[in-house]
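Rule-based calculations on the coordinates, nothing more; no lab input. A quick note: this is a predicted structure, and the numbers were derived from the prediction, not measured. Quick reminder, even Gly has a Cβ in these numbers, built from the backbone with ideal geometry, and neighbours come from all protein chains shown.
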Amino acid sequence: MKFKKNGQDSEMLSHNQAAMLAKLTTELHVLNKHRFIRMHNSVWRLVSFQFLRGLAFGLGSVMGATVLLSVLVYWLAQFEWLPLVGDWLGELAREIDPRRPDY
């Protein structure tokens, strides 16, 4: 932008700046009403949200690992014909399910 000393360019620049400032103020009001910003304005709300988020993450991790590990052990227990691993996996499967028949 060029800055000239005559009144017309100075007045136009002020008008543009005022319009931009009004637009920025409107956007700032919209942003402050956003849920994310409101939540971070309160320390207790933020701490409680993060605590619940951590509980959900921990519970999901444990449940997912349990399902994955049980499927993996079940799948590996089917390989009893492997010489070294088969005996160990067969014993592990018998520990998990004692009703399983011995071959």
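Given a Förster distance of 35 angstrom, what is the FRET efficiency for V30 paired with V62, based on the Cβ-Cβ distance and rounded to 0.05?
Once the sixth-power term is evaluated, E becomes 0.30.
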**OP:** May I ask you to list the trypsin sites (Lys or Arg not before Pro) in region 11-64 that are in a DSSP loop and have at most 16 other Cβ atoms within 10 Å of their Cβ?
**Re:** K33
